[in-house]
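The values are calculated or read from the model by the stated rules, or taken from the named source; none is laboratory data. Source: prediction; values computed, not measured. Backbone-built Cβ (ideal geometry, glycine too); neighbour counts: all protein chains shown.
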């Protein structure tokens, strides 16, 4: 195909160096793509649910990560295959949008691909399958809306939020103290949330960790924790009612950006320069002192002399504080970041009730706590744990829980977890399929089957008989229409923790509506994209 | 059986060969590299492996498989495997992944196992770097820190040992051994088809019980504070190189920590900074001593007083070479020699002024972190002031701390700078080296331990041991709960855990039982390392513990079961708690893994 002939019968080349490229076309291409997508999904399948297993990832530099967060696994896996990269993107976009359900979305896409393969073998055109999936996904999303519940929460009534966060955390390694972490996450989100605008800026929540101690020591600090200590070892370790000057200029003589030279050619000039230099330091410290600052936080370093002067004038200081942290401190204390000493005024100082240095363990590890800030809208979740990997995994888990809490504040609709929502959708899609006259009917039915994959994986990971359990739950959903719910009973899910009931309302397993909807939509989109590819041209391996 | 495999057209990229592992390995031994991967194939009754071989490697000539074989090319197999990972990356799944992590973790645990207990042996570590420096140690954290480990699960264990070292300072070996034992037990359970999550649930339940039991059985030390601290120090030191002189060193460590006691209680943290350890080769370990005061490993400048009484000390961090101009872009440009001389004179003048300012503080000792050049040194000598240059940063900080002075960098306001004071500064000799000793310092908490020993290796190990002891003691001072040692806490916990296992329904009880077995492995190892009959001793210990309020533990010295309270073997509660916590957490973490993905190693750029 790469070689064509013009009207005179002369050959010309369409694709250069054809023999060096591998090329897959038609059904083969689709099948290869599907199998690549599925093998990614297969990796994540065992990580789904409260009894899901973790993956151990060893990076190119030999660092070890242990996680069961879908997005992290895929990100660290360093995949080579193009289609596999699409799946990685899929999980990442779920992470950006929703923050949770990153594993579920990949598993769902994998099972959609699996079903599509069967249809392809029966000779249905990929575009028809894609269209059928599109229709089905719309049905599923609408149905989710129908079975969703709204629940109320307020500043004082956080129980329902905590329950939802606990569902998220239960699949992570931290499930030992999920209650405590869920409460921390919810409180943190509520502290920074703008309930009227229904918006949460997660940037205001800093998640920091220090190795040592135990997971139960994790705490929420209404303030900022900075991994720094006072610049001079003899400065006070604790400051009450601090007025904080937040500076981005170094305690050093200025370095103008333009190129310049100061020539010294006489003794007088030498002397003058020396005095000048001395004056600089004095002025700087004096300016800070004059506006009433009792603590200086600086992005840059200090000269030894400046350091001593600060200490001498009883003005504690912290140096080398990173830009992001500086901003957070500014937000929390209500101060302004000041780029020049001349612009320092009393109004620009931040206020904090208590600043203290705390040391950990037997090594010289110290951290600076800035608490009781003027504006408590910046908080820190401070994680402790047995080892570095534990801390990293906890950070990821907390991030997921924070995202869930944020989503609930944005939109307080929930669906029930444990695969119940997927089963309900599957039933609804299955029922709707028969109404479509075309070939799409088959695709829609396949979509319904694909939705079953998530509860199936949940059951499998929990050591239950997957098919048996799923069919039991499915029949339960259809069988008991209550008077309140005219339709089916969409609360039945997989009893992963062996509690004894399949009713997810009793087990308090919730997920957010938008998270679930997003999962269905994103998975469908990616599958459609993969199905539409019919030619894969890749350069030869080196 | 011979096979003439017709070369299929088109050539598939991979073929599968199904065989048992050993034969497959023989067959493909010359190709056995990353290009051939073995996948376990579970549906066959025997354990068969599927060898995935790059087809071009076989060459499609006459292949003599010589055994029961099945060979199929990809297209016939019906399952096209796409490689989704990069070429050198590898992926291990399910049982194999779990096996890899179990084996790795157990190998690490077995490595340090022999160093456990008072009769534990040491390891020699030889670095691969230049000089091939040798370290002899039996400190778990030090051993593991210096290993190059490829196995990801083993890295988890190394990590917990490091954290244990940072957090409590001791028990670095125990934590790894316990985690290894937990995994060894867990492996058996996994092999008998119990789901890892169920095992984890059991382990966590047992762990919570253990913490509870420990907090019931500890005793507070209040009255016989010092004797109890001595016991703890001795227990810690008994497994180290210092065990011969443990009495001596225990006393040394307790004295040092007790000096800190009051201030560190106030701070709520453990501040070991004011205990300085100086190592001087020569003499024997017994010659090590605790000095109440501060010793600085420096010499006194020539022509300066060797002994100062009632010293006023200025601790400084300032440049005492020619002070450079700090204004950016300044440079000296002159047009004649005379002017150079002028500026040099000005510089000298400047230095003289600086020295004068320093002298204006009314001091008779000046300690600087940076160099002091000959010129200012001479000026100081003329003024009869002792000037010490180039004290390192830690030294400066400690000196400022102990003498109560501040670290100064500017000298314009002599009246407001806090000076440090001490009763006596003198030059002392340890071995052949001269050191400066500051005695009668203001803050009573500071002290210096001078370690003497036959070689650097001995001294290094002695320092590590002493560090462990100091850490444990300072933790105990903060949290005064104490347990008996010699495997006593393990037996108490094992007993309680066993009872729990008996009353727990369901598969979890197997895991709980396993936890108790792992706990017993610690006294077993201690006995084994001492060359004792561990089975006999542990059995007797168990029987002993079935009585009420037993204090029985293993007495390694006499090789029998003894009463720990009489023998005075104690351990800090906090250490045991941290050991349990880290080990359980690590075991849980490794158990939860069902797949290991190793990325392709980062290629080094070829250097020209």
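Any chance region A:123-138 includes a residue that's under 24 Å from residue B:601 (Cβ atoms) and over 19 Å from the mean Cα position of the chain (by Cα)? First the steps, then the outcome.
Our first condition is that a residue be under 24 Å from residue B:601 (Cβ atoms); within region A:123-138, this holds for none.
No; the residues of region A:123-138 include none that is under 24 Å from residue B:601 (Cβ atoms) and over 19 Å from the mean Cα position of the chain (by Cα).
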Tell me which residues, restricted to region A:215-227, are surrounded by fewer than 20 Cβ atoms within 10 Å (Cβ to Cβ) and outside any strand (DSSP E or B).
A:216, A:217, A:222, A:227
Output yes when any residue across region A:419-442 is touching a helix residue (DSSP H, G or I) at 6+ places or on another chain (Cβ under 6 Å), within 30 Å of residue A:384 (Cα to Cα), touching a residue at least 60 places away in the same chain (Cβ under 8 Å) and surrounded by 21 or more Cβ atoms within 10 Å (Cβ to Cβ), and no when none is.
no
Please state which of the following conditions residue B:467 fails to meet, knowing it meets all the rest: (1) touching a residue at least 40 places away in the same chain (Cβ under 8 Å); (2) buried (at least 21 other Cβ atoms within 10 Å of the Cβ).
(2)
Hey, residue A:352 hits all of (1) assigned to a strand (DSSP E or B); (2) within 14 Å of another protein chain (Cβ to nearest Cβ); (3) in contact (Cβ under 8 Å) with a residue 40 or more places away in the chain but one; which does it fall short on?
(2)
Does residue A:86 qualify as being more than 10 Å from chain B (Cβ to nearest Cβ), within 19 Å of the chain's Cα centre (by Cα), assigned to a helix (DSSP H, G or I) and modelled with pLDDT under 90?
yes
Just for region A:55-71: of the residues that are part of a strand (DSSP E or B) and more than 7 Å from every other protein chain (Cβ to nearest Cβ), which one is nearest to residue A:103 (Cα to Cα)?
A:67
Do the conditions hold for residue A:384, that is, is it in contact with a helix residue (DSSP H, G or I) (Cβ under 6 Å, 6 or more places away or on another chain), within 14 Å of chain B (Cβ to nearest Cβ), closer than 30 Å to residue B:471 by Cα and not in a loop (DSSP other than H, G, I, E, B)?
yes
Tally the residues that are within 8 Å of chain A (Cβ to nearest Cβ) and out of contact with any strand residue (DSSP E or B) (no Cβ under 6 Å at 6 or more places or on another chain), restricting the search to region B:333-346.
7
Yes or no: residue A:161 more than 14 Å from every other protein chain (Cβ to nearest Cβ), within 30 Å of residue B:170 (Cα to Cα) and in contact (Cβ under 8 Å) with a residue 24 or more places away in the chain?
no
Show the residue pairs that are 6+ apart or on different chains and have beta-carbon atoms under 9 Å apart, the first residue being within region B:130-151 and assigned to a strand (DSSP E or B), the second being exposed (fewer than 13 other Cβ atoms within 10 Å of the Cβ).
B:134/B:124; B:134/B:126; B:134/B:127; B:135/B:124; B:135/B:126; B:135/B:127; B:136/B:124; B:137/B:124
So how many residues does region A:164-184 have that are more than 14 Å from chain B (Cβ to nearest Cβ) and in a loop (DSSP other than H, G, I, E, B)?
0
Mind listing just one residue for me: the one in region A:27-54 that is within 7 Å of chain B (Cβ to nearest Cβ) and under 18 Å from residue A:168 (Cα atoms) and, of those, nearest to the chain's Cα centre (by Cα)?
A:54
Residue B:146 at pLDDT 85 or above and either within 14 Å of the chain's Cα centre (by Cα) or within 12 Å of chain A (Cβ to nearest Cβ) (or both)
no
Wholly within region B:514-606, which strands (runs of 3 or more DSSP E) include no fewer than the required count, namely at least 3 residues that are crowded, with 18+ Cβ neighbours inside 10 Å?
B:552-555, B:570-572, B:593-598
Out of (1) within 14 Å of chain B (Cβ to nearest Cβ); (2) part of a strand (DSSP E or B); (3) crowded, with 22+ Cβ neighbours inside 10 Å, the odd one out for residue A:415 is which?
(1)
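With region A:228-340 as the region, which strands (runs of 3 or more DSSP E) entirely inside it contain at least 3 residues that are more than 14 Å from every other protein chain (Cβ to nearest Cβ) and surrounded by 14 or more Cβ atoms within 10 Å (Cβ to Cβ)?
Where strands (runs of 3 or more DSSP E) fall fully within region A:228-340 and carry at least 3 residues being more than 14 Å from every other protein chain (Cβ to nearest Cβ) and surrounded by 14 or more Cβ atoms within 10 Å (Cβ to Cβ), they are A:238-247, A:295-298.
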